[in-house]
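S.K.: Handing you a structure now.
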Amino acid sequence: MRLFLRTVALITYALLVGLFLAGYVAKYVHPRYLWWIQLLGVFLPYLSGLILLTGIPLVLKRRWGLLSVTALMAVLVGIRFIPSDPAGNASAVGTGERLSLMTLNFPQWFVYDGDRGEDLLALTDRYRPDILAIQEGWVDYHGDGRVRNARNDLSLLMDSASYVTKGPRTGRDGPSHALVFSLFPFEQVNFFELPYDPSGRYAARVTRAAGTWRQRPLVVYSVHMQSFGSDKPWLEDNASMLNPRTWVRYLRQYRDAIRRRASQAEQLAKMIRDETDPVIVMGDFNSTRNNWDFTWIQGELTDAFSAAGKGWGGTYHSTRPFARIDFILVSDHFDVLTAAVPNVIVSDHRPVTASVTWSQ
């Protein structure tokens, strides 16, 4: 019996190490290969915690060989998750020199015990972002860029908080999904679907806004990448979690979403890298920093929360944030002063805030 238990424990340990390593390399492997490790990348922080916990019984049992494996895994955890420069320098410049940023996925369907519009207004009043990126906002614009129609909860931003937003000059009316609100006007705005899809169902939505701040050019992207979809096995009334057919169906759904998102990431990354002006990218990436698509989009950009934030920083789901999938990325033209994920519930995502200034 003891031999059996020892064998089971060894197999379990080997499986855990294998899952950890697969999740660890997910950010380096294109989803056209081994797409399923991208799912493990989402759960890498939890796999890392389990790996570290295995050190306790290994020490007690004096299994020094296996403990050395755990120690090596712990080094990898430290390399990935311990910031090399966890510094935001909030006192470096005066308040007037800061550009305040916020991003929030704000879908209309999310219902909770509160007034959506008033709570969003209170959030923006508290942090007063100069630029606010909203995903799943749905505002209609005239062909000359003026607002034609907006949801009531978003209209408050313009009517009561002095925010402005505009659409592209297309000559025809049209809605937008990823939005840029600001306290100063942008001169040029364009909407993109990556790739173009007449149904809009399988596309990333991107808004590019170009303007100036402190007499220097600035380009802002508000992005909403492909999600896994609203259908989930644990939400189905008649889905059997023990039925293999259920999991096969959903794994196909997740596989397709992961591969589509990778294609979108390649297109978006090319747009960003073709920019010659300072760039800020904000939005819902629907992936974590341990996934390939986020890593490809980030490129040489700085993740504001990794640079200056504190704590876990989870943004989804807002009630129990198990993953950080919303980001603010900035080019090396900026220094990140502060970053945070406020503990508020106005959506199914938590907002991300940051303040930046021009690099000297």
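The values are calculated or read from the model by the stated rules, or taken from the named source; none is laboratory data. These numbers come from a predicted model, not from an experiment. Every residue, glycine among them, receives a Cβ derived from its backbone with ideal geometry; neighbour counts consider all protein chains shown. Surface accessibility is based on the protein's heavy atoms, side chains included, excluding ligands, DNA and RNA. Shrake-Rupley method; radii C 1.70, N 1.55, O 1.52, S 1.80 Å.
S.K.: Hey, can you tell me all the residues within the stretch 144-191 that are among the acidic types (Asp, Glu) and either outside any loop (DSSP other than H, G, I, E, B) or surrounded by 15 or more Cβ atoms within 10 Å (Cβ to Cβ) (or both)? Give the derivation first.
M.R.: Pass one, the stretch 144-191, residues among the acidic types (Asp, Glu): 144, 153, 159, 173, 187.
Those that are among the acidic types (Asp, Glu) and either outside any loop (DSSP other than H, G, I, E, B) or surrounded by 15 or more Cβ atoms within 10 Å (Cβ to Cβ) (or both): 153, 159.
S.K.: Which residues, taken from the stretch 41-79, are modelled with pLDDT of 95 or more, assigned to a helix (DSSP H, G or I), farther than 16 Å from residue 12 by Cβ and in contact with a helix residue (DSSP H, G or I) (Cβ under 9 Å, 6 or more places away or on another chain)?
M.R.: Those that are modelled with pLDDT of 95 or more, assigned to a helix (DSSP H, G or I), farther than 16 Å from residue 12 by Cβ and in contact with a helix residue (DSSP H, G or I) (Cβ under 9 Å, 6 or more places away or on another chain): 41, 42, 44, 45, 48, 71, 74, 76, 77.
S.K.: Right, next: Can you tell which of 304, 340 is small (Gly, Ala, Ser) and over 13 Å from the mean Cα position of the chain (by Cα)? Lay out the reasoning, then the answer.
M.R.: Details: 304 fails: over 13 Å from the mean Cα position of the chain (by Cα).
None of the other options fit; the residue is 340.
S.K.: Yes or no: residue 346 buried (at least 20 other Cβ atoms within 10 Å of the Cβ) and in contact with a strand residue (DSSP E or B) (Cβ under 6 Å, 6 or more places away or on another chain)?
M.R.: Details: buried (at least 20 other Cβ atoms within 10 Å of the Cβ): yes; in contact with a strand residue (DSSP E or B) (Cβ under 6 Å, 6 or more places away or on another chain): no.
Judged against the criteria, residue 346 is not a match.
S.K.: Still on this model: Looking at 141, 127, which one is open to solvent by 40 Å² or more (accessible area, probe 1.4 Å) and out of contact with any helix residue (DSSP H, G or I) (no Cβ under 9 Å at 6 or more places or on another chain)?
M.R.: Numbers: 141 fails: open to solvent by 40 Å² or more (accessible area, probe 1.4 Å).
Every option except 127 fails the conditions.
S.K.: For the stretch 290-299, name all the residues that are surrounded by fewer than 21 Cβ atoms within 10 Å (Cβ to Cβ) and not hydrophobic (A, V, I, L, M, F, W, C). So that I can check it myself, show each step before the final result.
M.R.: Start the filter on the stretch 290-299 by keeping residues that are surrounded by fewer than 21 Cβ atoms within 10 Å (Cβ to Cβ), which leaves 295-296, 298-299.
Listed by number, the residues that qualify are 295, 298, 299.
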